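A.B. asks: Could you have a look at this structure, given as structure tokens, before my questions?
The values are calculated or read from the model by the stated rules, or taken from the named source; none is laboratory data. Bear in mind that the values here come from a model prediction, so they are computed numbers and not experimental data. All Cβ positions, glycine included, derive from the backbone under ideal geometry; neighbour counts span all protein chains shown.
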Amino acid sequence: MAVYDLYSKRQQRLSGAEPDVYQYDNIPQKLRVQIIHILDKALGSREQVANHLGRVEQAYRLIVGIMRRELGVFFLPPSQREGNPYTELREFFLGATQAEACLDVIELAFQAVDRATRDIAYLNRGNYNERADEAIAELNIRFKENACGYQYVDGEIIRVDSELIHAEAVKPALRLLNTKEYAGPHQEFLSAYEHYREGKNKEALNDCLKAFESTMKAICEKRGWVYKSGDGAKTLIEIIFEKGLVPPFWQNQFAHLRGLLESSIPTGRNKQSGHGQGATPTTVPDHMAAYMLHMTASTLVFLTTAEESLP
């Protein structure tokens with residue numbers, strides 16, 4: 001992977017000039033150009049599209065077509081006319097004034113990298129899986145280098161608020177849930193992140209609770225533990241404790257965990273977003289939504305790994 005520890009980077013670290021706070025409202029031009037370089041290598045270059053290299057041209061036309069339809073335009077840059085889809089996408093990406101538009105392009109392009117280029121016939125290369133993995137890894141490194149608070153994970157761009165919590169809770173949760181048994185909670189947890197990225201914090205809390213409850217139901221189904229479809233978090237928590245998801249000799253030490261599970265995620269959702277808000281609209285601040293997302297991630301990691309350890 002072509003990410004070099006240049007002299008200037010080392011000097012930034014030594015001087016303490018590296019940014020330690022993520023930004024979300026701007027995709028720097030430097031990062032945009034770096035992403036184009038990654039796509040040139042992984043998805044294909046302008047020359048390959050201009051020469052009508054089938055799979056490459058098709059990939060860029062698909063991305064451009066989706067963006068045109070979703071934005072309700074005939075061409076992405078207003079001055080653009082029919083021609084090379086690579087050029088159209090690049091000019092739009094470099095000139096976009098909204099971070100969301102850039103993130104849309106990045107997500108679509110790397111979904112193409114993640115899916116289309118893993119076919120051995122794409123560009124007739126043998127290291128197709130390695131090339132895709134390297135491109136995604138480099139994208140996430142470039143996000144971090146530019147203090148841009150996003151990562152590409154499991155086919156989607158998600159917002160990152162704490163690097164440590166993201167590494168130790170969110171990514172493991174997504175990995176552990178990315179199975180057939182946990183397909184429902186996996187989708188709900190990703191939906192919570194998407195709502196959070198869009199500033200829809202109430203919806204994010206609702207999806208946190210859904211993912212939490214769905215994970216416990218999935219564990220019950222996997223283990224053959226009886227529950228009712230309408231059971232809520234409190235009843236499901238009682239079932240998993242009764243069934244020994246937490247070993248008996250640890251239950252006293254984990255008493256606080258049970259209180260956390262019963263009160264934190266469901267209560268946060270119920271009080272802030274789950275019921276009528278009355279005459280005065282309630283708001284869920286970003287820091288609370290981030291806290292609930294991270295708490296949900298940590299809880300899902302605990303539940304799924306605890307289930308795996310049962311005989």
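A.B. asks: Every residue in the range 154-193 that is under 17 Å from residue 22 (Cα atoms) and either at pLDDT 85 or above or surrounded by 17 or more Cβ atoms within 10 Å (Cβ to Cβ) (or both), please. Full working, then the answer.
C.D. replies: Quick first cut of the range 154-193, residues under 17 Å from residue 22 (Cα atoms) only: 157-167, 170, 193.
157, 158, 159, 160, 161, 165, 166, 170, 193, listed by residue number.
A.B. asks: Still on this structure, please answer the following. For the range 213-232, indicate whether the set of residues that are in a loop (DSSP other than H, G, I, E, B) and either polar (S, T, N, Q) or touching a Phe, Trp or Tyr at 6+ places or on another chain (Cβ under 8 Å) (or both) is non-empty.
C.D. replies: Quick first cut of the range 213-232, residues in a loop (DSSP other than H, G, I, E, B) only: 224-232.
Applying the additional criterion that residues be either polar (S, T, N, Q) or touching a Phe, Trp or Tyr at 6+ places or on another chain (Cβ under 8 Å) (or both) yields 229.
Yes: the range 213-232 contains one or more residues that are in a loop (DSSP other than H, G, I, E, B) and either polar (S, T, N, Q) or touching a Phe, Trp or Tyr at 6+ places or on another chain (Cβ under 8 Å) (or both).
A.B. asks: I'd like the full set of residues that are part of a helix (DSSP H, G or I) and either outside the structural domain of residue 298 (by TED's automatic domain parsing) or touching a residue at least 60 places away in the same chain (Cβ under 8 Å) (or both), limited to the range 182-196. Walk me through it before giving the result.
C.D. replies: Applying the first criterion (part of a helix (DSSP H, G or I)) to the range 182-196 yields 183-196.
If the condition is that a residue be part of a helix (DSSP H, G or I) and either outside the structural domain of residue 298 (by TED's automatic domain parsing) or touching a residue at least 60 places away in the same chain (Cβ under 8 Å) (or both), then 185, 189, 192, 193, 196 are the ones that fit.
A.B. asks: Among the residues of the range 108-134, which ones are touching a Phe, Trp or Tyr at 6+ places or on another chain (Cβ under 7 Å) and modelled with pLDDT of 85 or more?
C.D. replies: The answer is 110, 116, 117, 118.
A.B. asks: Quick check on the range 282-303. Is at least one of its residues modelled with pLDDT under 65 and either over 29 Å from the mean Cα position of the chain (by Cα) or assigned by TED's automatic domain parsing to the domain that holds residue 182 (or both)? So that I can check it myself, show each step before the final result.
C.D. replies: Initial filter on the range 282-303 (modelled with pLDDT under 65): 282.
Checking the rest, the ones that are also either over 29 Å from the mean Cα position of the chain (by Cα) or assigned by TED's automatic domain parsing to the domain that holds residue 182 (or both) come to 282.
Yes, the range 282-303 contains at least one residue that is modelled with pLDDT under 65 and either over 29 Å from the mean Cα position of the chain (by Cα) or assigned by TED's automatic domain parsing to the domain that holds residue 182 (or both).
A.B. asks: Among the residues of the range 90-100, write down those that are within 23 Å of the chain's Cα centre (by Cα) and buried (at least 17 other Cβ atoms within 10 Å of the Cβ).
C.D. replies: Selection gives 93, 96.
A.B. asks: Examine the range 47-65 for a residue that is surrounded by 14 or more Cβ atoms within 10 Å (Cβ to Cβ), modelled with pLDDT under 90, under 19 Å from residue 94 (Cα atoms) and not β-branched (Val, Ile, Thr), and state whether such a residue exists.
C.D. replies: Within the range 47-65, none of the residues are surrounded by 14 or more Cβ atoms within 10 Å (Cβ to Cβ), modelled with pLDDT under 90, under 19 Å from residue 94 (Cα atoms) and not β-branched (Val, Ile, Thr).
A.B. asks: Restricting the search to the range 30-58, which residues are within 12 Å of residue 116 (Cα to Cα) and of a type in the set (A, V, I, L, M, F, W, C)?
C.D. replies: 42, 43, 56, listed by residue number.
A.B. asks: Taking interchain pairs and intrachain pairs at least six residues apart, which have beta carbon atoms under 7 angstrom, with the first residue in the range 202-230 and touching a residue at least 40 places away in the same chain (Cβ under 8 Å) and charged (D, E, K, R) and the second crowded, with 19+ Cβ neighbours inside 10 Å and assigned to a loop (DSSP other than H, G, I, E, B)?
C.D. replies: 202/284
A.B. asks: Here is a follow-up. Might you check whether a residue that is surrounded by 11 or more Cβ atoms within 10 Å (Cβ to Cβ), out of contact with any strand residue (DSSP E or B) (no Cβ under 9 Å at 6 or more places or on another chain) and either in a helix (DSSP H, G or I) or modelled with pLDDT of 90 or more (or both) occurs anywhere in the range 16-25? If you could, list the steps in order and put the result at the bottom.
C.D. replies: Let us first name the residues in the range 16-25 that are surrounded by 11 or more Cβ atoms within 10 Å (Cβ to Cβ), namely 18-19, 22-24.
Next, only the ones that are out of contact with any strand residue (DSSP E or B) (no Cβ under 9 Å at 6 or more places or on another chain) stay: 18-19.
Now drop any that are not either in a helix (DSSP H, G or I) or modelled with pLDDT of 90 or more (or both), which leaves none.
Checking the range 16-25: not a single residue is surrounded by 11 or more Cβ atoms within 10 Å (Cβ to Cβ), out of contact with any strand residue (DSSP E or B) (no Cβ under 9 Å at 6 or more places or on another chain) and either in a helix (DSSP H, G or I) or modelled with pLDDT of 90 or more (or both).
A.B. asks: Using beta carbons and a limit of 9 Å, which pairs, at least six apart or on different chains, have the first residue in the range 146-159 and free of Cβ contacts under 8 Å to residues at least 12 places away in the same chain and the second one assigned to a strand (DSSP E or B)?
C.D. replies: From the range 146-159, no pairs qualify.
A.B. asks: Given the criteria within 14 Å of residue 209 (Cβ to Cβ) and at pLDDT below 90, does residue 238 qualify? First the steps, then the outcome.
C.D. replies: Values: within 14 Å of residue 209 (Cβ to Cβ): no; at pLDDT below 90: yes.
In short, no.
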